[in-house]
Each structure stands twice: as structure tokens, then as C-alpha cells.
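> One structure, pasted below without further comment.
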Amino acid sequence: MADKKRHNRVIKLKIFPVGEKEVTDLVWKRFHGIRYAAWRAANHIISGQLLNDELIRRAAARMKIDLSDADGRNLVENSVFSKDGLFGTKREATGERDIKVAFPDLPPCVSNSLKREVYKAYRSDRDSVIRGERSVRMYKSNMAFPVSDPSVVLSREGDYHRVTWKLARGEALRFGIIYGHRGQNIKEKIGMLIDGEPTISKGMSKFQYDRRKKSLFLLLSVKEDQTERSFVPDRIVGVDVGVAVPAMVALNDNPERRQSIGTGREVIATRLQFQRRRREIARACKFISGGKGRRRKLRPLDRIADKERRWMQTYNHAVSRAVVDFAIKQRAGVIKMEDLTGIDDNSNKFLTRNWSYFELQTQIESKAIREGIVVQYVDPYRTSQTCSKCGHWEKGQRKKQDVFVCGSCGEKLNADHNAAVNISRAVGGKKGQMRRDRSVA
């Protein structure tokens, strides 16, 4: 079992306090106190680390020491961060001491995890901040704050699953889980975690509160064994995402095996409808004066945007599931897609405004990894203008959005099908790395 490959995923659980009203009121009060303190502590740590770096640079300048020299940097560090230095403690301990002084009620299961996460984020941004290429990262009040893995305990209470958050010895908050009518698969995963199944394990968790929905979520990090399947050697599925057809899939060794997934007309029509409704609400709110009640009157705009985002996510989940199911049915061990980095720079603004292609690709990659399928990204150059039959390329062979006519052999093909075959046969490609930073939330 240990030799199996594992993949990480995050399970989002909607939770609620359990018990009598007096108990749940106390749970909410304690939770919101921790949430507020965690948000302020994250920014406190960031500003403290920025101050530490500035002190090192100022001290080096006044001592006329070059920080690029290792011995010189150690001398400056010891003059500021040591038992006999300015702060009387090591640099790593300054953040922890600051949190304990400024936020004494923040439990260690939050402060320790928060400190590690913020340190990691600051280290990745530090050089860019020093060069002035970006501003210091600041956290918002609705941030998801991390907690240590042992502090979150899953259990079963009759037919229900429970979450116990152990804050300290003798103090714990208890929550129930809401799965909804589509959460059967998630419920099975949580049951496996409770039963200690060796194929799945729990990692660090995060809590997040949605103020608009007044809902609490547990973001549970888990590791699962990849599904073992037998694939046909060298069989590859090419995926072409587009406007007319959200996803066209085809095989490299048998191009006639293809599938058109979804209809672009439905996607565009629905999103344009959402946009029209937003414009109407915006026009109605145009002359709303500021002050008391303005936020309440603008809530319909937020609700429409949230509804559109959830509809697009659900649609992309259905399309991505169909793509991966096609690969499983055809026993293809590789899925290739176009690397669409930089598409915002081209002239197709209509596509970039109405089609969350990065979200779709990320969801395909996430589902494929769970099935043991490799995902690769290839250069999209000429995939739409090259004939998949004879390999001839010239400009203008794609006559319409859905028609391709080869200028050499005269073959007439569906343009999206032709592109999908070319993508499946493209040489090379970068292995997928779960590009969540470019996905549409």
C-alpha cells in the first residue's frame, strides 16, 4: 500500500455548531473571536517580518557591512537577533512572541499553523517586495485560517458525522456536517477517514466563514491513493476547448473515436443573461446615495455574481467529468490539452470574458490525477490550422468556427475535432501541476 502513488485534494465541508441554542451561541462567539484574531495576527506577522528585514538592512548600512557576505550578515543578524542582541531572541521566535503578546486568546493549534503558513508566503514574496515589484501581502477578514491536523477530529454519532475542534485541554467546539443532495461521494470519503481506511489520510485543515451566506466551512486536506487502471500503451486523448463546443475529445490512434461535450451556445446564452441582469441592477443602483443602507441595497449584485460563478463551476464539473470518463472508457493513460497561458493577450476577448477555460482545465487535471491519468499541456501553435489527415498547414484552412478544409488533400473536417486530434498527437508537452492560481473560483 505504501508504494502506491498518492494525490492531494481539498474537501470543502459545510459545518454548523451542534447542541442547544445557548451552547451554539457560545460556539459562534468563540469561533468569531478566533477568526478575527487570526486575521489580525496574520497581518501582524507579515508586518513584523518586514520590520525584521528592514532592521537588518539599516543595521548593515550603519555598520558598513555587505549583506552579500555570509560572515558579515551573521554579524548583523547576531547584533539584532540573539540572546545578547537588540531583541534578546532568535529571529524565528520574534513572530511567535509577538502573537502571544498581542493575541493571548489565540489557541496554539491556530497560532502555530498560521505562523508557518504566513512565514512561507512572506519568504516567497520577500525578494519581489524588496525590489518594489509588488506590495506586501495583506490578509482580509474572510481569510481561511489554518489549524493543526491533530486538533480536528472526525467522528460518527449514530447516522451523522461530527467534527470536533480541540482548542486546548478541556476546551473543544463541536460541529455537524451538511452534505447536501450531491454529497454522497464526499460522505463516503469522510466515513473512510473516520474508519481509518489506509487508502486515504487527513492533513492540515482550514476554517473559513462566508459572511454573505453566514455559513461556516471546513477545508479538509486529504491524501488518497491513485486508482490503478490498465491503459492501452501510447493511447492519448486530445482535448480542444472552445466557444462552439466547450470540450471536443479525440484519440491519437483512432481519430474517429471522438465526443463533443457540452454546447457553447448554452454557456454563452446563460452567461450573457447573468450579465444583463447585473447591468440592470447596476443601473437601478446608480443613484443610491452613500451611507446607511448602501451595502444592503448593493447585495443583489453580489448574489448575481455568486450565482453565475456557482453555475459555471457546476457546468465545468460536468464537462470535466465527461472528459475523464471518455479517457477511462477508451483506456487512455494520457490527456493532452493546450497551454493557454497568455490567451488574455490575444484578440479573442469574447472567449476570455465568457469562458472560464483555466477552471475547466484545472478540474480535468484534478479528476484525471485521481484516476491515475497523466495530464500534459502542449503548445497551441497551429493546432487549429493543420490538417490531421495529411499534416498540411497553411493560413485560412479553418473556414468557419466549426469547418476545416485542407488546402492540400481537400479533406473536410469538423474544426474542433481536427484540433483535438492534432493536440493528441502533439510532441512533447509540460506535465500538469494543478494550476489553481489561474483557475476561476
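> Taking the conditions exactly as written (closer than 28 Å to Ala38 by Cβ, within 21 Å of the chain's Cα centre (by Cα) and free of Cβ contacts under 8 Å to residues at least 60 places away in the same chain), does Ser221 satisfy them or not?
Answer is no for this residue.
> Hey, another quick one. Filter region 310-332 down to residues that are in contact with a Ser or Thr (Cβ under 9 Å, 6 or more places away or on another chain) and of a type outside the set (A, V, I, L, M) and give me whichever is farthest from Arg425 (Cα to Cα).
Taking the candidates together, the pick is Trp311.
> For region 11-119, give me every one of the helices (runs of 4 or more DSSP H) that falls completely inside it and has 2 or more residues that are of a type in the set (Gly, Ala, Ser) and within 30 Å of Glu171 (Cβ to Cβ).
21-63, 91-102
> Take region 142-178 and flag every residue that is crowded, with 19+ Cβ neighbours inside 10 Å and either in a helix (DSSP H, G or I) or small (Gly, Ala, Ser) (or both).
Ser151, the sole residue that qualifies.
Results for (1) assigned to a loop (DSSP other than H, G, I, E, B); (2) of a type outside the set (A, V, I, L, M); (3) at pLDDT below 90; (4) surrounded by 12 or more Cβ atoms within 10 Å (Cβ to Cβ), shown as yes or no for each residue.
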{"position": "Gly180", "(1), (2), (3), (4)": "yes, yes, yes, no"}
{"position": "Asn185", "(1), (2), (3), (4)": "no, yes, yes, no"}
{"position": "Leu219", "(1), (2), (3), (4)": "no, no, no, yes"}
{"position": "Arg271", "(1), (2), (3), (4)": "no, yes, yes, yes"}
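> Can you name every residue in region 188-204 that is surrounded by 15 or more Cβ atoms within 10 Å (Cβ to Cβ) and assigned to a strand (DSSP E or B)?
Ile200, Ser201, Lys202, Met204
> Turning to a different aspect of this structure: Could you check Arg211 against (1) in contact with a Pro (Cβ under 6 Å, 6 or more places away or on another chain); (2) loosely packed, with under 10 Cβ neighbours inside 10 Å and say which number it fails?
(1)
> Look at Arg137 and say whether it is under 30 Å from Ile194 (Cβ atoms) and of a type in the set (D, E, K, R).
Against the criterion (under 30 Å from Ile194 (Cβ atoms) and of a type in the set (D, E, K, R)), Arg137 does not qualify.
> Give Gly191, Gly183 a once-over and let me know the one that is within 22 Å of the chain's Cα centre (by Cα) and assigned by TED's automatic domain parsing to the domain that holds Pro17.
Gly183
> Being in contact with a strand residue (DSSP E or B) (Cβ under 9 Å, 6 or more places away or on another chain) and either of a type outside the set (Val, Ile, Thr) or assigned by TED's automatic domain parsing to the domain that holds Lys100 (or both), is that true of even one residue in region 40-50?
yes
> Another question, if that's okay. Limited to region 47-88, what total is found for residues that are touching a residue at least 12 places away in the same chain (Cβ under 8 Å) and of a type in the set (Lys, Arg)?
1
> Residues being β-branched (Val, Ile, Thr) and under 18 Å from Asn112 (Cβ atoms): count how many of those fall in region 11-41.
So the count comes out to 1.
> Separate question: Taking Lys5 and the conditions (1) of a type outside the set (Val, Ile, Thr); (2) closer than 21 Å to Met204 by Cβ; (3) surrounded by 13 or more Cβ atoms within 10 Å (Cβ to Cβ), which numbered condition does it fall short on, given that it satisfies the others?
Tallying (1) of a type outside the set (Val, Ile, Thr); (2) closer than 21 Å to Met204 by Cβ; (3) surrounded by 13 or more Cβ atoms within 10 Å (Cβ to Cβ), Lys5 fails exactly one: (3).
The values are calculated or read from the model by the stated rules, or taken from the named source; none is laboratory data. These numbers were taken from a predicted model, which means no experiment stands behind them. FYI the Cβ positions are ideal-geometry reconstructions off the backbone, even for glycines, and counts take in every protein chain you see.
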